[in-house]
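First up is the structure itself, then whatever we jot down about it.
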Amino acid sequence: MKKIPMVDLGAQYKYLKKDIFKRWEKLCDSTSFILGKEVSEFEREYAEWAGTKYAVGVSSGTSALHLALEAVGVKGKKVITTPFTFIATCEAVVQAGAEVVWADIDDKSYTIDPVEIEKKIDEDTACILPVHIYGYPADMDKINKIADKHNLSVIEDCAQAHGAKYKGKKVGTMSDVAGFSFFPGKNLGAYGDAGGITTDDKEKAELIKRLRAHGSSKKYHHTELGYNYRLDALQAAVLRVKLKYIDEWNEARRENVEIYNEALKDTPLTLPRVSENIEHVYHQYSVLAPDRDKLQDKLGRDNIATGIHYPIPVHLQPSFKYMGHKKGDFPVAERISESCISLPIYPELKSSQIEYIADKIIEFYV
Ligand SMILES: *Cc1c(COP(=O)(O)O)cnc(C)c1O
């Protein structure tokens, strides 16, 4: 079997190439490289698809979260988030001048546990930042109830969850401001770094638009200290082409997951457990595996790429050592980190490839 990658960006590129190059040619002919129509049209289309009044294109998922946090105001305060995430979630909190406070995760969904959030709230808490990890929406009703009770703002990290639904509601519509990443490997990916925010709040959308461009809405007039966090017009052009396919691609991921689940049901793996009211978009198909590292080595020898998302929870990363946490502080996140393994998942993955992967896993456990 030819090597099976974690994600095959080339497969989509093949059939999108013509459309993308057509748009790029038009854009380059116009020399409208910074913001302009391509970005504003993408923002309009993305807001419409996401189900919010506003969307703002920015330079990455990390800058989206940073600006979302600045827009709700967290400087000098505390932000409660999950240690079971990509580091950027927590870096953005620090960049926004706030202190990260972690709350452990639920052991089925791997998203932040609302019961743990309540234990961490004090008078300095300003915001809750749940992450829809792997494309599984966090328990937003409970989170929003806690936020209302304590008068906190909520920001969703939707970097892995474009189009995922919680009780019929799309992620990115259930908080004050939400951040998305369009990193190439995400469910909706550009051809370089890109990100976006969604919100129904006009003032915050306008503030974020200013902050992404040096605190300016009129050239050389600066109302706030801002950043150079603009979405690149070339990336907006790619995203406009790809946005048409995202629902179809998410559906194809779910179909592939069904094939995996059926093929792996009699193995010692713990497969994703999805509540009835959740529409998962499987940015990762991550399972818990006994003897995880040995399984990963074996699959590598069988030409199957795998990933660990994530091997070290954020509270134990050297970059956050100054927070003073130790092993044992967030036992669920730590336990999942030790046995999770992500198998290849992307819309174009073939059932024959999934069967091959499943056969090799079954072989490992006999
Ligand atoms: C990818 C990711 C980010 C950061 O997005 P970038 O576009 O890489 O800056 C933030 N949070 C999570 C959960 C992510 O997976």
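The values are calculated or read from the model by the stated rules, or taken from the named source; none is laboratory data. In this text the structure is predicted, and so the values were computed from the model without any measurement. Here the Cβ positions follow ideal geometry from the backbone for every residue, glycine too, while neighbour counts run over all protein chains shown. Ligands, DNA and RNA are stripped out before the accessible areas are found, and what is left, the full protein with its side chains, is counted by its heavy atoms. Shrake-Rupley method; radii C 1.70, N 1.55, O 1.52, S 1.80 Å.
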Qualifying residues in segment 27-64 (those that are basic (Lys, Arg) and under 24 Å from Ser175 (Cβ atoms)) - the one farthest from the ligand (Cβ to nearest atom)
Lys53
Which condition does Asp266 not pass, out of (1) closer than 22 Å to Tyr110 by Cα; (2) open to solvent by 60 Å² or more (accessible area, probe 1.4 Å), if it passes all the others?
(1)
Take segment 185-218 and flag every residue that is surrounded by fewer than 16 Cβ atoms within 10 Å (Cβ to Cβ) and out of contact with any His (no Cβ under 8 Å at 6 or more places or on another chain).
Gly185, Gly192, Asp200, Lys202, Glu203, Glu206, Ser217, Lys218
Determine which member of the set Val115, Val79 is open to solvent by less than 30 Å² (accessible area, probe 1.4 Å) and modelled with pLDDT of 95 or more.
Val79
With (1) more than 16 Å from Gly189 (Cα to Cα); (2) buried (at least 20 other Cβ atoms within 10 Å of the Cβ); (3) within 16 Å of the ligand (Cβ to nearest atom) as the list, and Ile87 as the residue in question, which single condition is left unmet?
(2)
Tabulated pairs, segment 74-90, first without any contact (Cβ under 8 Å) to a residue 24 or more places away in the chain, second in a loop (DSSP other than H, G, I, E, B) and crowded, with 20+ Cβ neighbours inside 10 Å, C-beta under 7 angstrom, 6+ apart or interchain:
Lys75/Ala96; Lys75/Ala98
Would you check if Lys167 is free of Cβ contacts under 8 Å to residues at least 24 places away in the same chain, farther than 20 Å from Ser63 by Cα and either surrounded by fewer than 18 Cβ atoms within 10 Å (Cβ to Cβ) or not small (Gly, Ala, Ser) (or both)?
no
Residues that are without any contact (Cβ under 8 Å) to a residue 24 or more places away in the chain: list the helices (runs of 4 or more DSSP H) wholly contained in segment 231-349 that include at least 3 such residues.
246-264, 292-301
Restricted to segment 90-103 and to residues being open to solvent by 10 Å² or more (accessible area, probe 1.4 Å) and within 19 Å of Asp329 (Cα to Cα), the residue nearest to the chain's Cα centre (by Cα) is Val101
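Go through the residues of segment 230-241 one by one and say whether even a single one is β-branched (Val, Ile, Thr) and under 27 Å from Ser337 (Cα atoms).
Checking segment 230-241: not a single residue is β-branched (Val, Ile, Thr) and under 27 Å from Ser337 (Cα atoms).
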In segment 28-68, which residue that is part of a strand (DSSP E or B) and β-branched (Val, Ile, Thr) is surrounded by the fewest Cβ atoms within 10 Å (Cβ to Cβ)?
Ile34
Please give the number of the condition Tyr13 fails out of (1) surrounded by 16 or more Cβ atoms within 10 Å (Cβ to Cβ); (2) in contact with a Phe, Trp or Tyr (Cβ under 9 Å, 6 or more places away or on another chain).
(1)
Identify, please: which residue in segment 285-342 is out of contact with any strand residue (DSSP E or B) (no Cβ under 6 Å at 6 or more places or on another chain) and of a type in the set (Lys, Arg) and is, among those, most open to solvent (accessible area, probe 1.4 Å)?
Arg301
